[in-house]
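Student: One structure, pasted below without further comment.
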Amino acid sequence: MVKLLKVHGSENKFFILDQTLLEKALTDKELIALAIDLCTNILGGADGLLVVGTSDSSLGKMRVINADGSEAKMCGNGLRTISRYLSEKYQLTNFKVETMESDLIVSKAEDFYPGVPAFSVEISPISFQKKDLPFSYKNLNEMIDQKVPEFIPEQTFSAVAVPNPHLISFVPDISQLELGDLGQKLNGKNKYFPEGVNVSFSQILDNNSLFVQTYERGVGFTNACGTGMSATSLIFAMLHPDQFDPEEDITVYNPGGLVKTHITLNKQNKEQSQIKLIGNATFTHEINIDETDLHKDSLNNIVVNETAEEVAYQDFVKTISD
């Protein structure tokens with residue numbers, strides 16, 4: 001039998017599959033089929049499948065298969081849950097995890113609340129160059145605090161890859177209708193972001209305090225997007241220095257809870273800035289399945305055991321809203 005986990009970071013939900021424990025690793029075709037089935041039909045679904053593999057340079061490797069079967073370069077919320085999984089598997093608290101574009105430093109952080117373990121993860125590399133997003137608009141090489149009336153009149157937008165591509169706009173109030181419309185437009189066939197883009201709207205609540213909602217490429221609306229909150233924090237620090245304290249963490253609220261980010265700006269070279277994302281890594285269910293069924297994407301004979309961690313997380317969320 002093989003054990004999968006149902007997990008979440010700020011209610012951004014995933015399944016974890018450790019390929020290193022299998023007699024025979026799943027092929028990419030099998031992984032895509034499994035991801036779509038799990039994220040559609042099991043335990044209320046999820047935003048993606050996180051795949052653990054071996055690494056020559058780090059403690060382990062993470063791949064991210066989205067709910068639609070596409071593959072993401074990185075996932076900040078997912079990386080926290082993978083970090084916890086590897087931490088408990090190898091009894092280590094500081095190490096690196098290989099992702100598609102870089103090996104990232106991760107570490108166990110102080111629990112957010114009793115029964116709510118947390119991890120800190122590096123978010124990088126950072127690029128504002130159009131080739132790395134990619135995007136195309138009026139021959140711009142970078143898009144920072146730019147009015148784009150073709151998107152939404154009077155709003156300004158900033159684009160950054162971390163390394164997932166993000167388009168960010170600060171607004172007085174978040175319109176889910178406008179966010180959803182723009183997210184769908186820029187993740188369908190379009191001339192601005194030909195490979196699609198994660199779109200985030202953010203409200204500045206106070207000094208070092210934000211609310212972020214994201215329409216995620218390959219997923220749609222999510223409770224939270226780790227790289228989206230990280231990218232938004234970086235743009236906030238750049239554009240709103242009067243409300244940014246570099247000595248303190250930024251609190252980023254989202255529909256699923258909150259995370260902390262820490263931004264170290266490099267004013268000479270903004271792409272050498274540093275981002276840390278700190279948040280919960282919650283395991284809600286254990287799923288046991290025969291490896292043969294896993295290869296066949298046959299999910300009719302799974303055995304599910306629920307943990308008590310979601311209760312603790314919801315107790316934590318109540319402290320945010322109180």
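Student: Let me confirm something: among Glu271, Glu291, which residue is modelled with pLDDT of 95 or more, of a type in the set (Asp, Glu) and not assigned by TED's automatic domain parsing to the domain that holds Leu167?
Tutor: Glu291 is the lone residue from the list that is modelled with pLDDT of 95 or more, of a type in the set (Asp, Glu) and not assigned by TED's automatic domain parsing to the domain that holds Leu167.
Student: For the range 151-169, state whether one or more residues are in a helix (DSSP H, G or I), surrounded by 16 or more Cβ atoms within 10 Å (Cβ to Cβ) and not assigned by TED's automatic domain parsing to the domain that holds Lys73.
Tutor: no
Student: Give the number of residues within the range 115-141 that are closer than 23 Å to Gly279 by Cβ and either touching a His at 6+ places or on another chain (Cβ under 7 Å) or not in a loop (DSSP other than H, G, I, E, B) (or both).
Tutor: The qualifying residues number 7.
Student: Here is a list: Phe201, Phe236, Phe211. Which entry is under 19 Å from the mean Cα position of the chain (by Cα) and in a helix (DSSP H, G or I)?
Tutor: Only one candidate passes the filter, namely Phe236.
Student: Among residues belonging to the range 185-231 that are over 18 Å from Ile263 (Cβ atoms) and of a type in the set (Asp, Glu), point out the one that is surrounded by the most Cβ atoms within 10 Å (Cβ to Cβ).
Tutor: Residue satisfying both the conditions and the ranking: Glu216.
Student: Moving on to the next point. Mind listing whichever residues of the range 263-278 are more than 9 Å from Leu234 (Cβ to Cβ) and in contact with a helix residue (DSSP H, G or I) (Cβ under 6 Å, 6 or more places away or on another chain)? Talk me through it step by step, then tell me what you get.
Tutor: We begin by selecting, within the range 263-278, every residue more than 9 Å from Leu234 (Cβ to Cβ); these are 264, 266-269, 271-272, 274, 276-278.
Asn266, Leu277, listed by residue number.
Student: Go through Asp297, Asp293 for me and flag whichever is free of Cβ contacts under 8 Å to residues at least 12 places away in the same chain and either surrounded by 15 or more Cβ atoms within 10 Å (Cβ to Cβ) or under 25 Å from Leu4 (Cα atoms) (or both).
Tutor: Exactly one residue qualifies, and that residue is Asp293.
Student: Check Ile275 against each of (1) of a type in the set (A, V, I, L, M); (2) assigned to a loop (DSSP other than H, G, I, E, B); (3) closer than 30 Å to Gln129 by Cβ and name the one condition it does not meet.
Tutor: Unmet for Ile275, out of (1) of a type in the set (A, V, I, L, M); (2) assigned to a loop (DSSP other than H, G, I, E, B); (3) closer than 30 Å to Gln129 by Cβ: (2).
Student: Quick check: anything in the range 96-114 β-branched (Val, Ile, Thr), more than 21 Å from Cys75 (Cα to Cα), modelled with pLDDT of 95 or more and not in a helix (DSSP H, G or I)?
Tutor: No, the range 96-114 contains no residue that is β-branched (Val, Ile, Thr), more than 21 Å from Cys75 (Cα to Cα), modelled with pLDDT of 95 or more and not in a helix (DSSP H, G or I).
Student: Which residues, counting only those in the range 260-290, are surrounded by fewer than 14 Cβ atoms within 10 Å (Cβ to Cβ) and touching a strand residue (DSSP E or B) at 6+ places or on another chain (Cβ under 6 Å)?
Tutor: Of everything in the range 260-290, those that are surrounded by fewer than 14 Cβ atoms within 10 Å (Cβ to Cβ) and touching a strand residue (DSSP E or B) at 6+ places or on another chain (Cβ under 6 Å) turn out to be Thr264, Asn288.
The values are calculated or read from the model by the stated rules, or taken from the named source; none is laboratory data. These numbers were taken from a predicted model, which means no experiment stands behind them. So basically every Cβ, Gly included, is an ideal-geometry build from the backbone, and we count neighbours across all protein chains shown.
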